[in-house]
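Presented below is the structure to which this report refers.
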Amino acid sequence: MSETMPTAYDPQAVEAGWSARWEEAGLFRADPQSRKPKYSIALPPPNVTGELHMGHAVNGTLQDVWARYRRMTGYEVLWLPGTDHAAIGTQNVIEKQLARDGTSKEEIGRAAFEELVEEWYRKVGATIVTQYRLLGASLDMTRLRFTMDLEYVRAVRTAFVGYYERGWMYRGPRIVNWCPRCQSAISDLEVDWQTHEDLLYHLRYPVEGSDQGVVIATVRPETMLADTGVAVHPDDPRYRSLIGKFAILPLVGRRLPIVGDAAVDREFGTGALKVTPGHDAMDYEIGQRHGLELINGMNPDGTMNVPDLPRYNGLPGLEARERVVGDLETGGFLLRAEPYSHEVGHCDRCGTILEPLVSEQWFLDMKELAQMCIDASAAGRVRWHPERYERTYLDWLRGIRDWCVSRQLWLGHRIPVYYCGSGHQFAAVDSPGLCPECGSTQLREDSDVLDTWFSSALWPFATLGWPEQTEDLAAFYPTDVNCTNRDIINLWVTRMIFSGLFFMGDVPFQDVIIHSTIQATDGRRMSKSLGTGIDPREVIDRHGADALRAWGALVGMANQDARFDDSRIKGYRAFGTKLWNATRLVLSSIAKEPPQGPPAPDGDLELADRWILSRLQQAIELTTGGIEEYAFQRSIEAVYDFAWHEFCDWYLEAAKARLKDGDPSARATSLHVLDNLFRLLHPFMPFVSEELWHRLPGQRDFLVRQSWPELDPRFRAAAAEESFASLARLVEEIRVLRQAHSGGSRGGRLWLGGEVSATVRELVADLARVELVAEPLPGSLPLAWGEARLGLPARADDSHRRAELRRLQEELARVETKLANPAFRGRAPAEIVAKEERKAGELRSALERLGEST
């Protein structure tokens, strides 16, 4: 109650204990046997490579809004937490630590390295859980999962064996993206493309048996040492006569067949292409089509692998390039070099330039899996928000290549394939004791590990106990929502969909939400290395988790790029203060005799009571609609506008005297509004809403156990809304004129004229802080409200009026610009557009009145 309520709102003090109390009460523990309808979300597992960033905070907020809202609307909700081992990322982090200590994983050995990994997982995993608790995330921590826990390992092995036995998992040589630093293959989707400024070298390859030569252009002249052909477009008249002949490779002397292939871009360089099947994906395909020899000219560490050419063998790539270019120039084969800007692939984990390399890898045949996804999309089984991202998903599926699932790392899920001494190969979920083909006990397990995304693709059902048929799996699969960033649609979302369809026979979720990418204040990406990263805990320390969450809800689904805005977050802390003070005011008025129930729709209510109760219905409708339609910005704006502007600024000001005097309808109305307001606010700002809810009179259970506010048409009062809105416009006009006249917040004499009820007269006098008079004063100003006129004392200084004119003109220009924008009118709800149109009209009227006051 008010006597024990601190005078000032302190977010840190308010938020300190609620997460622990919620968990102790078991509020978020899901019951698979509940008769309620089920709703589930599998938290996208953060990588255990570091702590949560602002993207995690915003994504966590959005999911928590759904989880809390669904609980309040009668669902049994499971929001399942967990973390991802992120093999290549974690290995890089620990290897960097070892390097700083002057050692390496090879020097300390696998056992010691694995101990470091386990300690890292424990430490960082615990930090991530703590961060989610600070954020107020209503996760079921009793079901915390990790992609390397024993049950999950079994699920991953089961999935691999399932694909293997179907005949879709195979091993073979292919061109892959190879990281010389990580010593592993890298997925096409994990390549970080960066612009490089290099030189484009024009080289002349002699044509055998003639004085002719064919000129090729390359930025990697060192790779020519592994050339096995030259390709031209079959319809290119410049080279058509050379097809079927041979070129001679400079510095090496190798005969290179000149082939015609439609894949050659006639507009690039000279239109003739050196073909290096062992070092370029397109060259590999050309080589396969024309039977060209494949020479692997580079070692896994990025040095040259040309033992027949000792002058270059073993050199790092750049050193080899310098030597090759010098030798070509000496031999007269280098015609010229010119600046060239192009995109170069880097490892997204360590930043090393990737090398295309032919390597024996495990691949998953994607033909049938991709078609499953395309068919599910055509049937509308997965909905995308925004819808345009479905095209990103489908375009990738229609041009998909087989998935290279193997990695050459120490960390990760070992590929469950075994080889016996007799040459047999088989896959097994459990470690076998003997070969099923010949009974040999001399077995060797494949040394590669699986791509981290392979295990992540099973997340929605492996976390529920699959491959066992558990209660959780039966109750909570498929999940309802997957919320993620656009960068991993194909890395993760697509793979979860085909995994769910293949292993479970159903899509893993019904809705995919692509949230905003959170950028630094200057629009750059957030990054610790760039100095643009922001730790959510620092923001929480400054403004509180509720303020951060409210901002996250505002921007999370409003656009696809959102710049971090500390001032907006600070504004939501001020909102918390506004709610705190409003609650203290109401509680002080009902401390001695709390209302016994909500106001009766047909009871003895004043105009302000009927107005705020009607506006509450609008706030319930807008807030609920925004959540249901995945437009949280509309929801948080509706709650904010109602609470701050309508309830605090207008209703409480209008009812303050009645509250002080113990008026029953004012007290019942105020308490009823607060009760509903805290319910509406709870999914977005759970801490302050819970704290204030528990300070209301009566026995109070936790908010998440309360029912969501429902519309009550009996409180709809269009006439009261119009009357109070008209009254408010009058009060605002008086304030504007008085501000322009003298800069004061009170004073002036007002004649209302006509027949005006005593209630309206009293409200206007209180809210506008004016004296009511029986007759209009000489020289008084006409107002845009019936016959009303306002008398103000003579002024000696016109500066206040000029300043107010400028302010109103600037505000009108801003509103008119917004209304003139077709995008705003097309996207904004009709209610918002109408509100801006009314504001423009009121500003024009105010400017006219100020003009008349000269």
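The values are calculated or read from the model by the stated rules, or taken from the named source; none is laboratory data. Because the structure is a prediction, the values reported are computed rather than measured. Note: ideal-geometry Cβ built from the backbone for every residue, glycine included; neighbour counts use all protein chains shown. Side chains included, ligands, DNA and RNA excluded: accessible areas come from the protein's heavy atoms. Shrake-Rupley method; radii C 1.70, N 1.55, O 1.52, S 1.80 Å.
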**OP:** Run the quick spin-label model on L199 and A99: label points 7 Å from Cα toward the beta carbon, then report their separation in nm to one decimal.
**Re:** 2.8
Subject >> Cα coordinate range in the range 147-189, projected on the principal axes (Å, largest first) >> reply: 33, 27, 17
Original post:
Hey, what's the Cα Rg ratio for the range 522-674 versus the globular rule of thumb, 2.2 N^0.38 Å?
Top reply: 1.27
**OP:** Send over the per residue convex hull volume for the range 1-155, Cα only, as a whole number of Å³.
**Re:** 163
Original post:
Tilt of helix 281-290 relative to the longest C-alpha principal axis of the chain, in degrees (0 to 90, nearest 10)?
Top reply: 40
Original post:
On full extension of the chain, what length is gained from A263 through K592, given 0.36 nm per residue of separation minus the C-alpha to C-alpha distance?
Top reply: 109.9 nm
Original post:
For the range 319-440, rounded, prolate or oblate, judged on the Cα gyration tensor with a ≥ b ≥ c (square roots of eigenvalues), a/c < 1.5 rounded, else prolate if a/b > b/c?
Top reply: oblate
Original post:
Per 10 Å bin, what percent of the C-alpha pairs of the range 350-404 does each bin hold, from zero upward?
Top reply: 19, 37, 27, 16, 1
Original post:
Semi-axes of the equivalent ellipsoid of the range 696-759: what are they in whole Å, largest first, if each equals the square root of 5 times a C-alpha gyration tensor eigenvalue?
Top reply: 38, 19, 11
Original post:
Rule-of-thumb check for the range 648-750: C-alpha Rg over 2.2 N^0.38 Å?
Top reply: 1.39
Original post:
Among the trypsin sites (Lys or Arg not before Pro) within the range 320-405, which fall in a DSSP loop and have no more than 16 other Cβ atoms within 10 Å of their own Cβ?
Top reply: R381, R388, R401
Original post:
Across every pair of different alpha-carbon atoms, what Kirkwood hydrodynamic radius in Å does the range 686-838 reach?
Top reply: 19.4
Subject >> Stretch gain in nm, segment I248-S422, where the contour uses 0.36 nm per residue and the Cα spacing is subtracted >> reply: 58.2 nm
**OP:** Could you give me the percent of Cα pairs per 20 Å distance bin for the chain, shortest bin first, beginning at zero and ending with the bin that holds the maximum distance?
**Re:** 12, 35, 28, 17, 7, 1
**OP:** Between W120 and E338, take the C-beta separation as r, use R0 = 51 Å, and let me know the FRET efficiency to the nearest 0.05.
**Re:** 0.60
Subject >> D766-E787 pseudo-label distance in nm [points 7 Å out on the Cα-to-Cβ vector] >> reply: 2.7
Original post:
What nm value, rounded to one decimal, do you get for the distance between K656 and D235 when each label is placed 7 Å out toward the C-beta?
Top reply: 8.1
Subject >> Surface per residue (accessible, 1.4 Å probe) for the chain, Å² >> reply: 43
**OP:** Using only Cα positions of the range 265-325, each an equal point scatterer, no hydration layer, compute I(q)/I(0) via Debye at q = 0.16 Å⁻¹ and quote the log10 values to two decimals.
**Re:** -0.63
Original post:
Hey, what D do you get for the range 435-532 in µm²/s if you plug the Kirkwood alpha-carbon radius into Stokes-Einstein at 10 °C and 1.306 mPa s?
Top reply: 96
Original post:
So what are the range 227-371's ellipsoid semi-axes, whole angstrom, largest first, if each one is the square root of 5 times an eigenvalue of the alpha-carbon gyration tensor?
Top reply: 25, 24, 16
Subject >> Calculated FRET value between W644 and A379, using beta carbons and R₀ = 41 Å, to 0.05 >> reply: 0.35
Original post:
Normalized C-alpha radius of gyration of the range 64-129, against 2.2 N^0.38 Å?
Top reply: 1.71
Original post:
Just from its helices, what would the mean residue ellipticity at 222 nm be for the chain, if runs of 4 or more DSSP H residues each count -39500 (n - 2.57) and the sum is divided by every residue, rounded to the nearest 500 deg cm²/dmol?
Top reply: -13500 deg cm²/dmol
Original post:
What percentages, rounded to whole numbers, describe P(r) for the range 522-579 computed over all alpha carbon pairs with 10 Å bin width beginning at zero?
Top reply: 23, 51, 24, 3
Original post:
Computed over the Cα atoms of the range 387-477, what is the convex hull's projected area averaged over all directions, in nm²?
Top reply: 9.2
**OP:** Under 15 Å from the Cβ of L434, count the other residues' Cβ atoms, weight Lys and Arg +1, Asp and Glu -1, and hand me the total.
**Re:** -2
Original post:
Relative to the present Cα-Cα distance, how much length would full extension add between E628 and S707 at 0.36 nm per residue of separation?
Top reply: 26.8 nm
Subject >> Projected-area average for the range 201-247 over all orientations - Cα convex hull basis, square nanometres >> reply: 3.6
Subject >> Projected-area mean, the range 558-613, by convex hull of Cα positions, square nanometres >> reply: 6.7
Subject >> DSSP-defined antiparallel bridges as percent of all bridges, the chain, nearest 5 >> reply: 70
